[in-house]
1. Every residue in the stretch B:454-488 that is without any contact (Cβ under 8 Å) to a residue 24 or more places away in the chain and within 18 Å of B:L505 (Cβ to Cβ), please.
2. Is there a residue being part of a strand (DSSP E or B), facing chain B (nearest Cβ under 7 Å) and at pLDDT 85 or above anywhere in the stretch A:589-604?
3. Using beta carbons and a limit of 7 Å, which pairs, at least six apart or on different chains, have the first residue in the stretch B:223-238 and within 14 Å of chain A (Cβ to nearest Cβ) and the second one open to solvent by 60 Å² or more (accessible area, probe 1.4 Å)?
4. Mind listing whichever residues of the stretch A:373-387 are touching a residue at least 60 places away in the same chain (Cβ under 8 Å) and either within 10 Å of chain B (Cβ to nearest Cβ) or in a loop (DSSP other than H, G, I, E, B) (or both)?
5. When you check A:I342 against the structure, is it over 30 Å from A:R54 (Cβ atoms), in a strand (DSSP E or B) and either outside the structural domain of A:G30 (by the TED database) or open to solvent by less than 20 Å² (accessible area, probe 1.4 Å) (or both), yes or no?
6. Quick one: how many residues across the stretch B:203-222 are modelled with pLDDT under 90 and either under 20 Å from the mean Cα position of the chain (by Cα) or away from chain A (no Cβ under 14 Å) (or both)?
7. Test of understanding: among A:V399, A:V352, A:V367, A:V363, which residue is buried (at least 17 other Cβ atoms within 10 Å of the Cβ), assigned to a loop (DSSP other than H, G, I, E, B) and of a type in the set (V, I, T)?
8. Looking at the stretch A:421-435, which of the residues that are out of contact with any helix residue (DSSP H, G or I) (no Cβ under 6 Å at 6 or more places or on another chain) and modelled with pLDDT of 85 or more is nearest to A:G398 (Cα to Cα)?
Amino acid sequence: MLEGVVINSRQHVGLQKLSALSGRIRSSVGPFKSYKFIQDESSGDSVLVCSCFRIIENLEPNCAVGQLVYETVRGHHKQYRTGSGCLLFLAGAWSRAAMDSLQRGISVKHLITAMSEGIDICLDVCKKFSLSFKDLAVIEKCTAAPGGTKKASTDASVEEMANFHDKCLSKSGQRKVKLSRHFCEAKSEMLSTVRDPDQPDMMVIAESLSHGCEKAMKLAVEAAQMLLKTNQQRIRDPLFDISKMLTCLVSGLPEDCACVVEGCILLLSDEQAAVAHVVKQQPLKVALITGDLSPTYRHLGFKSLPGEQCVRENLDLSASSKEDEWVDKVVKLLLNLEVKLILTAGLVSQKVIQHCGRHQILVMEKVNSSVLKTIGSSTGAIPVHYATQLTESCVGDGVNVEIWRDLSSYERKSLTAVNISTGRNSGLVTVVVTSCVHGKLQALEDQFWACAYRLHQALKDGALLPGAGGAEVLCVHQLQKQAEHDRAKDSKTGSAANLYRGLVLQLMADGLIDYITAVMVNTGSFTAANARTIVRKQLTEFHRDEISTGKFLQLVSQSKREDAGFSAVKPDEAPALNIYDNLSVKQEAWRKALDLVFLVLQTDAEIITGTGQNNEGNLMLL
Amino acid sequence: MYIASYLSSLMQMSRLVKKSPSVCTDLLLNSSDVCNKLRLMKELLKSSYGPTARLKQVHNNIGGAVVTTSTSSVLLQAISSSHPIISLIKGSILNHVSRFSDCGLFASVFCLSLIEEAGRCDLSKNVIIRVNKHILSLCTAHLQQEDCGCKVQLDFCSSQSLITLARSVISSKPTCVLSEPESTHISRLAVQAFLLTVPCNIPDKVRLGRTVIIPIEGHSVQKSAVFPGLLLDTPENISLGNLCSPLRMVLFSASLAGDLGELGDGRIEVHQGVDTDSQILGQLLELGKQVLKDEVKLFVCQKVIHPVLQHYLRCNAIIVIERLGISLMEPLIQLTGAQPVATLHTTIPREAYGEVHNVSVRQFGSKTKLHLHPAGKTTTCTTILCHRNETMLNELKLVCQKAEHVLRLTLREPCALLGGGCTETHLAAYVRHQSKNNVSESSPVLGCSQTEYLVAAEAFCRSLESVATSLEHDDGASLIDLTHAHHWTLPSDVTEEHLEDATALCGCGVVQSCQNKKWSYLNTEYAEFSPAPLLTASPLQPTVLDSFTAKVNALEVAVETANLVLDVRYVIQDVN
């Protein structure tokens, strides 16, 4: 039997929940994040999390509002891999703004109208003050001309890159000549890349988008440039194919060992490693399998018969089992086709690995489907579902397996990494993420993907947004101006019709100020009060100057002053560095934050269906 | 009162379980428990009514998915009660919604108001039921009249009124979180899709086509679009060789997974060395060979296709689509003229093949779709719906389906009713006027005194007006103007002078306020009057329109359900 239950409250429980949930990530917004342990009390397990998305994911919110939040954040993360914190923080800040407005007697209808207007103002400001790559190139030249500071910084960055390579695994003696070629030439090639004068340097964009993850961003840039080079794309189109980027997580190595490698790096167990040593450095025939490699595996949607019985006419004890027969058949087929390497998207049974190992066939399981696709298209191999399906035409040719690194010495159990590549520009690039602490790998991988997606999105947008709170300050300025305007109009006409509007816009602006101060406080060198004062000072300067929309260059210098405020945190860093944000990511995050607020704001009851005990006080039974 | 159930105990002599007797409840509308439940249900549905409604989060108590909505079909399905009266009301409204899609909340709120009002006036239930029936016929007769004041004829020469109708449906659900231009865009798409489903050349029997809605999450609403033909899911790396049109296609409704699924749980015995799997696969490949010989270029299956067969077909340059799903079968049959093949054990007859003019690949974000262009004129189209968030997208899909249905209903009766509560206030004013005027004739026919008749009629009118009042959720006041009887709302923070402001409009947007207009609050008494028709030179341009067919039916359903509930004397419940 089901029961309908209604929860009702004057103090809008939903908005309070939203605000509380967003409070959990307050200390994780902005570039300076601290790690958090999330512990499961029932099982005693714990995870180390860093990004806002992982916090929400691991908190597994189970209330209705929590689920709505998680659904939204997950959708955003899947698409952009960055900006989830901004989304969630603003959802909380604006839900507080909504609660404030409700308490002051503004009706939901008016609140929604006013807040929609507010977000339109913000999105408009973003659009207006975003810097297209053309503008950026102009600024780059402007800043480069006097004193040649720009050049120096480029050199410095290249030098830094070189230093960075020295620290990488790539320079350690075990590497093979073929791969190190890229790294040896990296310095000269990166400088010599002829680029469109209207396109700013990818390095510069990347640096300004790194948001405190310099190492991860360096990896992302390196990977992007390697992809562009190997795929021989036109220089005028710097947009790289992010689906060709892979990550490989290695624990037990210091973080400095992270590096970018052309090809696909996979980790092997020791018995597979022995096979790999035999088949390395020769062109191999490859088979690609999308299902599992085991005798009992059937494709999705196949219903095996529960009542099948085998009838035998005579007892034959010597007959081998069905499973062995299958393995023998597959191995025979593979030997006939001279396949030496099998990549499967699914799992591989131990028996198959052993049998194949005996015949020097290297089998690798759980391979990313984009790897199968790419290797398939560059070798002519056609992915099949079952191993028994393989024919001459499905087999690809010319894959190289190299022992990339023997990692056994670092961990007790042996571990070998191989690089699978095709001679003919397979176009895959693997980023090896390393850490001595196993629990940190996920966070480092997330950081890398955030940087890679930020770079990708920037190139896709062809524009950037003033960062380091710049865009937010501009929006606050505009919102406050509009609020002021509304108030002035009210006092002139004497009617109270627009009174609520000015108030709501002001509260929305406060939400953005809250975001900026939280980011500043997280840097560790400001107290909340201190940060607030700085922002207020900045804003009064803004108001006094009355910037017109046309003079964006002036604005950039303004926002740079803003940056100076932030980067004062890190005196070792060059103060001239501009910080930028992704235009579309920020716009989407803001929009989605307000969507959340609207949905929760307009909800007045929960209908809980199903049996079970519910002892909450404010339930009504239907 | 208890009625012992002898029968059941007699039938189960062998068991010693004692059955408890059934419980019979008398005069249930007098019980405060039932009244509270009805009131709660009314509050729940009333607060979900209209474009500024409050939303409900529907979920189960074991952590299931949360649905945020204000749509009657979802809400009513979630509401379930131990009480049969609630289930009765729920059932009859859901039945209305399944037939007409629209006006579910109108019917529920009206029905529950009628029951509540009936409880308030001190009349015998029989009288109320008879008067309700009489007034209902009065209303429906008035609505069917050519010169009915709250009805507008739809002009099919221009799409404007159709867009207004669609827009009223689409903007009535705030869960969609649509901005002004967004809801205009979606309304236009709804009308466009509807027009595509109407056949151009009319054979002896007109058959409307189908609209398939494909939701895509994470994109802006403005990216939504309508395409003639069908868009099907396809694997990412599809390659279309040079195909010459038209393409022959085959459609399977049987599973081609290679299993013996149709055998069910039966037991089969297999001889040693016999491999059933490979035998079925052999059969499947035979099928593949035939299809190849017959020059089929497009191979579609409702269910799973064995990977080996897929591979075989793809290697022979045939486009393969599996897991089509039951919902796309009918539109695909309409589009291609194919007959679905339900078995893999015979050769495919030639008549079963269908045809498409051409295919192309379309990309929507990360999703790849195969666009099937129809061979001739088609009435099948696909709407791609995009929204930023799953919750909002789900509601948008529901709303678009509703809009499509409402637009189709206009073909049956090419008119619409004024929205925004104006139809309700107009009807209430009309009924008041009529019942005052014909009280001497009507009361003897209905077998009641004149006072009884007037009191019951007043209850009916108040119920109607309370539906109009339910549109306001922000403490604003509802008013009726005393000339045209349209519905007006006065926001809580605005004084009455606002209404005299020349810019103010009534609920449906037809009447403009002016200085010498008189208003009355909806829950107060006012002198009855006959609503004056609007005399304008140009045809009316309402901004909010309701479906005529759906609303008339909802009116009937609400009154009949309320009458039935009022008529229930006993509830007998088996408590075992």
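1. Within the stretch B:454-488, B:G476 is the sole residue that qualifies.
2. yes
3. Taking only residues 6 or more apart or on different chains, the pairs are B:N237/A:K373; B:I238/B:V361.
4. A:G376, A:A381, A:I382, A:P383, A:V384, A:H385, A:Y386, listed by residue number.
5. Answer is yes for this residue.
6. Number of matching residues: 8.
7. The match here is A:V367.
8. Checking each candidate, the answer is A:T430.
The values are calculated or read from the model by the stated rules, or taken from the named source; none is laboratory data. It should be emphasised that the depicted structure is a prediction, and the values quoted were computed from it without experimental measurement. Cβ atoms come from the backbone with ideal geometry, glycine included; neighbour counts cover every protein chain shown. In case anyone asks, the SASA skips ligands and DNA or RNA and just uses the protein heavy atoms, side chains included. Shrake-Rupley method; radii C 1.70, N 1.55, O 1.52, S 1.80 Å.
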